[in-house]
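The values are calculated or read from the model by the stated rules, or taken from the named source; none is laboratory data. Predicted, not measured: the structure shown is a model, and the values here were computed from it. Cβ sites come from the backbone with ideal geometry, for glycine too, and all protein chains shown count toward neighbours.
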Amino acid sequence: MDDWYAALVSPRLVQQTVAAGVVIAFLIRLLFSLFTPNNPRKKFPVWATIELALTILIVGSGASGFPRRLYSAVRRYGGSLFGLTSRHQVLVDLGGVERLFSQPHHIINPEPAQYTIATRVFGGQDSPDLKAKLEATFKDVIAPVERLFVNEAAAAALIECAGIPEAVSSLVTFSSSGANPKKPPQRWERSASIRLIPGEQPAVEANFQSLIRDLGACIAIPLLYGHDLLNRYDSLLDDLWRFDNDLFPLLMIGLPTWAPFRMMREGVAARSRLLTEIEALQRRIDQHESGGIVDFGADMSDVSYAALGRAAAYRTHGWTLPQRAAGELGILWGQNANTQAMLFWLLTYVYSTPGLVDQLREEISPYITITTTELDDRENGSNHSIKENKITAMDHAALARNCPRLKACLFESYRLANEATSIRYVEKDTTVPDAGEHHHLKAGTFISAPHSVIQRDPSVYPDPNRFVPDRFLEEVFDEDGKKKLAAKYGKLKPWGVGTAKCKGRTFAEREILSLAAAVLSLWDVSPAPGSRDKDTNRPPRWELPPMVPGTGVKKPIRDIRVIITGRHSLRSGP
Ligand code: HEM
């Protein structure tokens, strides 16, 4: 794992990129000081996105040397503040960032950054009308999401009815002799390029990222919008990931939607399908809420109160259906883009770390009940029976409460793959204390806090490129004074900070822990043999592909091909 990371971030490449970056930054500063346009709707400038990315590259991971010294010399402020202009400052590991970002919105405001993404990426039409509506509605559309996905009791209830045991029991549908005609592939299997491997016990080869990501999304989306949307909109998952992987980053760096290349064209087409379908859903919600006839007779009974509450707020403030669709695309994306990617990384790290799967299985086994049944497989042309394992009960609350090792694995996955950033707008002149210094920020400044800059800093996390979950484990005392292990976030901030901290965090963490625990309990996953393994006849080894920046969580540069079989120790057990 270290080798590929080292290759990816070779010092020469970093130096060249940084040198180019500093030159570009200078030009940006010059251009923007000369032609500072009016920014009446307080939008986060495109150049600030680039400045943020460059700062992470130059200052992140404990980087030192010439590029950092040069950048430090030309920046506007000092201490933890990096940035060339008074319009944007990047706060790097600022001690009081939580306090600063917890100030009321009339001083430090998250809404302008949200408006920027809503219009630059999610398809909202930039206009004084939409800006005014978002300002008036911001709190009312966030509150129902917070009530459902952050509140402990609500998030716990949501996970209980998510159908995780059933879904994970059929993570892959196979029989020993081929696809079972009575069991059509599950929705999440469709884009995983599944290949059945004949043999005594069934096995499949699959693209692990696609499979896990789509499994997570199939669990999560109905909890927000009901089952009908997923059933009715056949290409929902493909469109969502194309939008997330391809279009989102291009639009964030300011490319126009008419840019003449395939990635943009297909990304824009995926986004228009998403917006059309979400708009139709919003119409159905209104019909359902007003007691009228619902289009297609769609079942709206399981649409969440978060979706209904948001729809009510939109109606109150006069949002048009296309405006609502852009607002909802933001939530659909926010619910899935990071959560499902983190689930994939967690499982990949765990399966690829020798000995860890057994440790975790021991930790989670008291909270998951598995039933094994013997299936006669003769109807598929086989002359023996196969064993099928199913989860028949799960204690989700105990998994979240009593499994520190599993949680530590998740925290370590956040550290390696998560790239949370909080962006705010300074509405009133503000003083920022910073280790004895005080910086004075003027109203009209954007401030960004990239929380990931310390995540690979060796002075904070020794041996930073290795997956070492124990670094998040601490000994604590329980109520009876007994020592026990607990997983602690420490300096990690995967959910951002302050008033606009993630409004899905409780649910997201529980979804990931429960799904990961269920997959680990039922399935063995190993790397599929590559062409090199076939040539040399050696057993395949895990090789994690390089990571590239994503839209909140890093992405593997290519999918990982794996072999999935029912858990061996359950098959061969008594
Ligand atoms: C592992 C999964 C997730 C991660 C790492 C994550 C991370 C984040 C981060 C970093 C922010 C920005 C916070 C800031 O500006 O300080 C954010 C905002 C937000 N997230 Fe999440 N998120 C996840 C899952 C979810 C889920 C499942 C939902 C549910 C719908 C959700 C809803 C939101 C919302 C609504 C906001 C905007 C909050 C506001 O403006 O007040 N997120 N998330």
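In this structure, does LYS484 turn out to be within 19 Å of LYS407 (Cβ to Cβ) and in contact with a strand residue (DSSP E or B) (Cβ under 9 Å, 6 or more places away or on another chain)? Steps first, answer last, please.
Working: within 19 Å of LYS407 (Cβ to Cβ): yes; in contact with a strand residue (DSSP E or B) (Cβ under 9 Å, 6 or more places away or on another chain): yes.
The answer is yes for LYS484.
Yes or no, residue by residue, for (1) in contact (Cβ under 8 Å) with a residue 40 or more places away in the chain; (2) away from the ligand (no atom under 16 Å from the Cβ):
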{"residue": "ALA398", "(1), (2)": "no, yes"}
{"residue": "PHE446", "(1), (2)": "yes, no"}
{"residue": "PRO450", "(1), (2)": "yes, no"}
{"residue": "VAL468", "(1), (2)": "yes, yes"}
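Report whether or not GLY60 is surrounded by fewer than 22 Cβ atoms within 10 Å (Cβ to Cβ) and farther than 30 Å from ALA307 by Cβ. Show your work before the answer.
On the way: surrounded by fewer than 22 Cβ atoms within 10 Å (Cβ to Cβ): yes; farther than 30 Å from ALA307 by Cβ: yes.
Considered against the rule, which asks whether it is surrounded by fewer than 22 Cβ atoms within 10 Å (Cβ to Cβ) and farther than 30 Å from ALA307 by Cβ, GLY60 comes out as yes.
Considering every residue within region 119-126, establish whether at least one is modelled with pLDDT of 95 or more, in the same structural domain as LEU375 (by TED's automatic domain parsing), outside any loop (DSSP other than H, G, I, E, B) and not polar (S, T, N, Q).
For region 119-126, residues modelled with pLDDT of 95 or more, in the same structural domain as LEU375 (by TED's automatic domain parsing), outside any loop (DSSP other than H, G, I, E, B) and not polar (S, T, N, Q): present.
Is there any pair linking a residue in region 331-344 that is assigned by TED's automatic domain parsing to the domain that holds GLY552 and among the hydroxyl-bearing types (Ser, Thr, Tyr) to one that is at pLDDT 95 or above and more than 8 Å from the ligand (Cβ to nearest atom), with Cβ under 9 Å and at least six apart or on different chains, and which?
Filtered contacts from region 331-344: THR339/GLY216; THR339/ALA217.
Answer yes or no: is there a residue in region 522-530 that is part of a helix (DSSP H, G or I), away from the ligand (no atom under 16 Å from the Cβ) and touching a helix residue (DSSP H, G or I) at 6+ places or on another chain (Cβ under 9 Å). Walk me through it before giving the result.
Narrowing region 522-530 to residues part of a helix (DSSP H, G or I): 522.
Filter once more, keeping what is away from the ligand (no atom under 16 Å from the Cβ): 522.
Filter again for touching a helix residue (DSSP H, G or I) at 6+ places or on another chain (Cβ under 9 Å), leaving 522.
Taking every residue of region 522-530 in turn, at least one turns out to be part of a helix (DSSP H, G or I), away from the ligand (no atom under 16 Å from the Cβ) and touching a helix residue (DSSP H, G or I) at 6+ places or on another chain (Cβ under 9 Å).
Out of everything in region 499-509 that is over 17 Å from MET342 (Cα atoms) and near the ligand (Cβ under 6 Å from one of its atoms), what residue ends up being surrounded by the most Cβ atoms within 10 Å (Cβ to Cβ)? Give the derivation first.
Pass one, region 499-509, residues over 17 Å from MET342 (Cα atoms): 499-501.
Among the residues that remain, those that are also near the ligand (Cβ under 6 Å from one of its atoms) are: 500-501.
Values: ALA500: 21, LYS501: 18.
The selected residue is ALA500.
Does region 189-222 hold any residues that are touching a strand residue (DSSP E or B) at 6+ places or on another chain (Cβ under 8 Å) and within 16 Å of the ligand (Cβ to nearest atom), and which are they?
GLN209
Does LEU130 count as modelled with pLDDT of 95 or more and away from the ligand (no atom under 16 Å from the Cβ)?
Values: modelled with pLDDT of 95 or more: yes; away from the ligand (no atom under 16 Å from the Cβ): yes.
For LEU130, the condition - modelled with pLDDT of 95 or more and away from the ligand (no atom under 16 Å from the Cβ) - is met.
Could you tell me which numbered condition TYR77 fails, if it satisfies all but one of (1) in the same structural domain as ILE253 (by TED's automatic domain parsing); (2) among the aromatic types (Phe, Trp, Tyr); (3) surrounded by fewer than 22 Cβ atoms within 10 Å (Cβ to Cβ)?
(1)
Quick check: is even one residue across region 93-104 crowded, with 18+ Cβ neighbours inside 10 Å, in the same structural domain as TYR225 (by TED's automatic domain parsing), in contact (Cβ under 8 Å) with a residue 12 or more places away in the chain and touching a Leu at 6+ places or on another chain (Cβ under 7 Å)?
For region 93-104, residues crowded, with 18+ Cβ neighbours inside 10 Å, in the same structural domain as TYR225 (by TED's automatic domain parsing), in contact (Cβ under 8 Å) with a residue 12 or more places away in the chain and touching a Leu at 6+ places or on another chain (Cβ under 7 Å): absent.
Conditions tested, residue by residue: (1) among the hydrophobic types (A, V, I, L, M, F, W, C); (2) away from the ligand (no atom under 13 Å from the Cβ).
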{"site": "TYR71", "(1), (2)": "no, yes"}
{"site": "SER80", "(1), (2)": "no, yes"}
{"site": "ARG87", "(1), (2)": "no, yes"}
{"site": "VAL90", "(1), (2)": "yes, yes"}
{"site": "VAL97", "(1), (2)": "yes, no"}
{"site": "HIS106", "(1), (2)": "no, yes"}
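Can you tell me which residues in region 443-456 are surrounded by fewer than 19 Cβ atoms within 10 Å (Cβ to Cβ) and under 30 Å from ARG471 (Cβ atoms)?
ARG456
Is one or more of the residues making up region 500-522 of a type in the set (S, T, N, Q), farther than 30 Å from PRO112 by Cβ and modelled with pLDDT of 95 or more?
Pass one, region 500-522, residues of a type in the set (S, T, N, Q): 506, 514, 521.
Now drop any that are not farther than 30 Å from PRO112 by Cβ, which leaves 514, 521.
Pick out the ones that are also modelled with pLDDT of 95 or more and you get 514, 521.
The answer is yes; a qualifying residue exists.
Spot the failing condition for ALA143; the list is (1) assigned to a loop (DSSP other than H, G, I, E, B); (2) over 20 Å from the mean Cα position of the chain (by Cα), and only one is missed.
So ALA143 meets the others, but not (1).
Does THR49 qualify as being under 27 Å from ARG505 (Cα atoms), within 16 Å of the ligand (Cβ to nearest atom), in the same structural domain as TYR461 (by TED's automatic domain parsing) and not acidic (Asp, Glu)? Working first, answer last.
On the way: under 27 Å from ARG505 (Cα atoms): yes; within 16 Å of the ligand (Cβ to nearest atom): yes; in the same structural domain as TYR461 (by TED's automatic domain parsing): no; not acidic (Asp, Glu): yes.
Taking the combined requirement at face value, the residue does not satisfy it.
Identify all residues within region 39-72 that are in a loop (DSSP other than H, G, I, E, B) and more than 23 Å from LYS442 (Cα to Cα); write none if there are none.
Of the residues in region 39-72, the ones in a loop (DSSP other than H, G, I, E, B) are 39-45, 63-65.
Of everything in region 39-72, those that are in a loop (DSSP other than H, G, I, E, B) and more than 23 Å from LYS442 (Cα to Cα) turn out to be ALA63, SER64, GLY65.
Do we find that SER521 is of a type in the set (Ser, Thr, Tyr) and buried (at least 22 other Cβ atoms within 10 Å of the Cβ) in this structure? Break it down into steps so the answer makes sense when it comes.
Numbers: of a type in the set (Ser, Thr, Tyr): yes; buried (at least 22 other Cβ atoms within 10 Å of the Cβ): yes.
Yes; evaluated as a whole, the condition is true for this residue.
Quick one: which helices (runs of 4 or more DSSP H) sit completely within region 202-311 and have at least 3 residues that are aliphatic (A, V, I, L, M)?
Numbers: elements: 208-225, 227-232, 236-242, 248-252, 262-289.
Output list reads 208-225, 236-242, 248-252, 262-289.
Just to be sure I understand, how many residues within region 73-105 are in a loop (DSSP other than H, G, I, E, B) and within 25 Å of the chain's Cα centre (by Cα)?
In the first step, residues of region 73-105 are kept if they are in a loop (DSSP other than H, G, I, E, B); the result is 75-80, 83-87, 92-96, 102-105.
This time we only want the ones that are within 25 Å of the chain's Cα centre (by Cα), so: 92-94, 102.
Adding up the residues that qualify gives 4.
Quick check, is ARG405 more than 16 Å from the ligand (Cβ to nearest atom), farther than 19 Å from GLN89 by Cβ and without any contact (Cβ under 8 Å) to a residue 24 or more places away in the chain? So that I can check it myself, show each step before the final result.
Numbers: more than 16 Å from the ligand (Cβ to nearest atom): yes; farther than 19 Å from GLN89 by Cβ: yes; without any contact (Cβ under 8 Å) to a residue 24 or more places away in the chain: no.
It is false that ARG405 is more than 16 Å from the ligand (Cβ to nearest atom), farther than 19 Å from GLN89 by Cβ and without any contact (Cβ under 8 Å) to a residue 24 or more places away in the chain.
Could you please give the count of residues in region 470-498 that are of a type in the set (A, V, I, L, M, F, W, C), more than 6 Å from the ligand (Cβ to nearest atom) and within 27 Å of PHE101 (Cα to Cα)?
First, the residues of region 470-498 that are of a type in the set (A, V, I, L, M, F, W, C): 472-473, 476-477, 485-487, 492, 495, 497.
Next, only the ones that are more than 6 Å from the ligand (Cβ to nearest atom) stay: 472-473, 476-477, 485-487, 492.
Next cut, within 27 Å of PHE101 (Cα to Cα) only: 472, 487, 492.
Qualifying residue count, region 470-498: 3.
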